Amino acid sequence: MLLRLPTSVSEAQEYLTQGAVPIGGATLVWATWQRDGFPDHAMSLRELPEANTIEPDALGAAVVLNRIDGRVPEVLRRAASTVGTGAVRRTATVGGNIVGSTLRCLLPAALVLDARAVVLEPEGVTETDLAEVIAKRHLLLSLRWRTPVTSNYVKAPAEPGGPSPLVVAAALHSVDGDGDGDGDGIGDGVGDQDSNGTGAGTDTTSGTTTGTTLLRVAVRSEDEVFSENAVYQGDTEAALHALRDGSLGRLPAPAWDLVARQVTDLLALSTDH
């Protein structure tokens, strides 16, 4: 197998056009390749600067999970710190976890950050949503998001041999006049997500007023990801009611109880700030 290590986007684009198979840390594909055979050409983005950024509002796809630190929001840092063992986190990458893994431990965190994906295609670099990246398995270069007011993340203990452990991610965002919090005055049309956690739902936040905040919550429960938004104006019970009226109402009782605790703690922290 010939491993390509591009140092520029144009070089990576050329290798992609030539049919090179993108890999991250290869923690998920190595055993398959050993069984079924290695590709002739593979490509890693570990030498590409655009895929190695760690910033308050961006994270490169080639960043290994144990490098994710306090420069990124708490929800993303905590999510990365709970993936696998230390040995796994030293080799597994952001892109591999979100695009290549079925567990996608970072996905709930990315959803509550309202992250957008920067991807490389044979035609060039584009920006798209997480749903398309996962469905079409694009080559991810980086994630970009709006910095939240505060955020949190919890992963429940896993049962040996059982389903994926329950994960709850939450983030609170400042809101502009259009309800999407990006300061452009135009709503983004994104509300709750479908049960696989990646589809766009209806806009439940348009028309909110400046000075309110938008609560985003994402849950992985038994290999499904649910996501919901609610406007928060100082009333925790009202926010929880709005969340449960949406897709999170389909969660089992233990999962909802954990959501309620995490949201309550997050909103209490925002009040303290």
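The values are calculated or read from the model by the stated rules, or taken from the named source; none is laboratory data. As the structure is a computational prediction, the values presented were derived from the model and not from experiment. Glycine also receives a Cβ, built like all others from the backbone with ideal geometry; neighbour counts cover every protein chain displayed. In case anyone asks, the SASA skips ligands and DNA or RNA and just uses the protein heavy atoms, side chains included. Shrake-Rupley method; radii C 1.70, N 1.55, O 1.52, S 1.80 Å.
Length gained on full extension, Q34 to D257: 76.0 nm, using 0.36 nm per residue less the C-alpha separation. Compared with the alpha-carbon gap, the fully stretched path from E121 to E55 is longer by 21.4 nm at 0.36 nm per residue.
A straight line joining the Cα centroids of the stretch 66-132 and the stretch 160-174 runs 14 Å. Taking a ≥ b ≥ c as the square roots of the eigenvalues of the alpha-carbon gyration tensor, the stretch 74-125 is classed oblate because a/c is 1.5 or more while a/b is no larger than b/c.
Keeping all protein chains in place and using 1.4 angstrom, which order do L16, L269, L215 fall into by accessible surface area, from largest down?
L269, L16, L215
Just the protein heavy atoms count here, and of the accessible area of the stretch 36-107 at 1.4 Å, carbon and sulfur take up 49 percent.
The overall shape of the stretch 1-127, judged from the alpha-carbon gyration tensor, is oblate: a/c is not under 1.5, and a/b is no greater than b/c.
Between S174 and R250, what FRET efficiency comes out of the Förster formula 1/(1 + (r/R0)^6) with R0 = 25 Å and r the beta carbon distance, rounded to 0.05?
On the way: r = 29 Å, r/R0 = 1.15.
For R0 = 25 Å, the calculated efficiency reads 0.30.
In this simple spin-label model, placing a label point 7 Å from the Cα along the Cα-to-Cβ direction at both L3 and E237 gives a separation of 5.8 nm.
The slack in the chain from E224 to E14, taken as 0.36 nm per residue of separation less the alpha-carbon distance, amounts to 72.0 nm.
A cut-off of 5 Å between modelled amide H atoms, ignoring neighbours fewer than 5 places along the same chain, links M43 with R4, V21, I23. Note on surface exposure: E123, E50 rank E123, E50 by accessible area, highest first, 1.4 Å probe.
Only protein heavy atoms count here; on that basis, with a 1.4 Å probe, V21 has an accessible area of about 60 Å².
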